[in-house]
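Participant: Below you will find the structure I want to go over with you.
The values are calculated or read from the model by the stated rules, or taken from the named source; none is laboratory data. Only a predicted model underlies this, so the values are computations on that prediction, with no experimental measurement involved. With ideal geometry, Cβ positions are generated from the backbone for all residues, glycine too; neighbour counts draw on all protein chains shown.
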Amino acid sequence: MDDEGPNPTILRFGYPATRIAETAHWMVLLRPEQPTLGSMILAAKSSETAFGALSPEAFADMGVAIARIEAMLAATIQPARINYLMLMMVDPHVHFHVLPRYEGERSHAGIAIGDRGWPKQPELAGAKPLDADQVKILRDWLSASW
């Protein structure tokens, strides 16, 4: 985060309630609407709106964040694949939608979500909205594996 605090994209994805973890340059947030169980946002803490404008340090740190995300998902969701989508149409600051992909359904603590697009493109429009309790349950479960 820069001197002014979290950028608007980080705030729009529910920070601080959705914060799973962070590195020096990246914030890992639970996606409040889950197209697949364990969907997250990997957001640059800077105010940059162009991927190429990130600092070399942010690019190096992205590797650290991705390795931790993949280990966390392997320990919890056990996806067959992970999709990283950089959309940045509505939310302009550099960020990725991180979607664990799997055949069928995954569940935790009574929250069950199927991958409706498997094995093709993820279906973002049918994402399951989470209530505040579900956000806390999934956030805490994932962050415990960070």
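Participant: Can you tell me which residues in the range 89-125 are under 22 Å from Met27 (Cβ atoms), of a type in the set (A, V, I, L, M) and touching a helix residue (DSSP H, G or I) at 6+ places or on another chain (Cβ under 8 Å)?
Facilitator: Passing the criteria: Val94, Val98.
Participant: Next question, about the same structure. Of the numbered conditions (1) in contact with a Phe, Trp or Tyr (Cβ under 8 Å, 6 or more places away or on another chain); (2) assigned to a loop (DSSP other than H, G, I, E, B), Met27 fails exactly one; give the number of that condition.
Facilitator: The failed condition is (2).
Participant: Output the number of residues of the range 14-59 satisfying the condition of being β-branched (Val, Ile, Thr), out of contact with any helix residue (DSSP H, G or I) (no Cβ under 7 Å at 6 or more places or on another chain) and under 13 Å from Trp146 (Cβ atoms).
Facilitator: Residues in the range 14-59 being β-branched (Val, Ile, Thr), out of contact with any helix residue (DSSP H, G or I) (no Cβ under 7 Å at 6 or more places or on another chain) and under 13 Å from Trp146 (Cβ atoms): 0 in total.
Participant: Considering only residues of the range 67-107 that are over 15 Å from Ile20 (Cα atoms) and among the basic types (Lys, Arg), which is surrounded by the most Cβ atoms within 10 Å (Cβ to Cβ)?
Facilitator: Arg101
Participant: Just one of Ser39, Ser55, Ser46 is at pLDDT 95 or above, over 14 Å from the mean Cα position of the chain (by Cα) and surrounded by 14 or more Cβ atoms within 10 Å (Cβ to Cβ); which is it? Can you show your working first?
Facilitator: Numbers: Ser39 fails: over 14 Å from the mean Cα position of the chain (by Cα); Ser55 fails: surrounded by 14 or more Cβ atoms within 10 Å (Cβ to Cβ).
Of the residues listed, the single one that is at pLDDT 95 or above, over 14 Å from the mean Cα position of the chain (by Cα) and surrounded by 14 or more Cβ atoms within 10 Å (Cβ to Cβ) is Ser46.
Participant: Something else now. Counting just the residues of the range 1-31 that are over 16 Å from Val64 (Cβ atoms) and crowded, with 21+ Cβ neighbours inside 10 Å, which one comes out farthest from the chain's Cα centre (by Cα)?
Facilitator: The first filter runs over the range 1-31 and keeps only residues over 16 Å from Val64 (Cβ atoms), leaving 1-19, 29-31.
Filter again for crowded, with 21+ Cβ neighbours inside 10 Å, leaving 7, 9-10, 13, 18, 29-31.
Numbers: Asn7: 16, Thr9: 12, Ile10: 11, Phe13: 9, Thr18: 9, Leu29: 5, Leu30: 5, Arg31: 6 Å.
Per the stated criteria, the residue is Asn7.
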